[in-house]
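Some notes on the structure that comes next.
The values are calculated or read from the model by the stated rules, or taken from the named source; none is laboratory data. Nothing here was measured: the structure is a model prediction, and the numbers come from that model. For neighbour counting, all protein chains shown are included, and Cβ atoms are generated from backbone atoms with ideal geometry for every residue, glycine included.
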Amino acid sequence: MPVRRLPSNPNLEHLKYQSRDLLKDHAERAQAAAQRIREFHPRFGGSTDSEIFDAQLGLSDAQLAIACEYGFPSWARLKRHIERPTLSDRLDLPHQQRIEDEAFRRAVDLLDAGEVSGLRAHLKRHPHLARQHVVFEGGNYFRNPTLLEFVAENPFRQGALPANIVELARVILDVGTSQFARNAALTLVADRKSAT
């Protein structure tokens, strides 16, 4: 899980320095470097400190670990986020405002407004939305959600679920979603309902 948040005006040169520092700390066998590499470099997830220190790491390995630490799957994606930001890269905006696909954003708006008939009609015109994922990089957990995962008001967008949330979820389920999305959304809804 990413633990660091990029500053509002990130500097790629500063991130390159962080990568070089991580590489230097690895060469010096610093325990903190081993922990960071184990946690954020996909190749070293289950490695011991000794295995990490014995591995030949290059700058690209350190850059990958830094990118993952900030919630990006690769250095290239982190670099693009900084050099050519898109709407989805605007970490200062609420999640639904970062959705670049207008049809998907409209579906989330209808869901949040509790408009069952509007959502049903919209999904009839755009049935692919029930299975589509949107990408939110640079965040901790809500990174690749489907429409059904927005059902639980997760992340918090308005602070409350529509009274007809079960019917809204059923509209999305009737169009068809993946089993993973169903399980994730139902768990979140159950957790949110029990908290209220």
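Within the stretch 34-44, not a single residue is assigned to a loop (DSSP other than H, G, I, E, B) and either exposed (fewer than 13 other Cβ atoms within 10 Å of the Cβ) or not assigned by TED's automatic domain parsing to the domain that holds SER74 (or both).
Out of ASP112, ASP61, one residue alone is closer than 29 Å to ASN9 by Cα and assigned to a helix (DSSP H, G or I). It is ASP61.
For the stretch 36-58, residues that are β-branched (Val, Ile, Thr) and in contact (Cβ under 8 Å) with a residue 24 or more places away in the chain total 2.
Residues of the stretch 1-17 that are surrounded by 17 or more Cβ atoms within 10 Å (Cβ to Cβ) and either more than 25 Å from the chain's Cα centre (by Cα) or in a helix (DSSP H, G or I) (or both): LEU15 alone.
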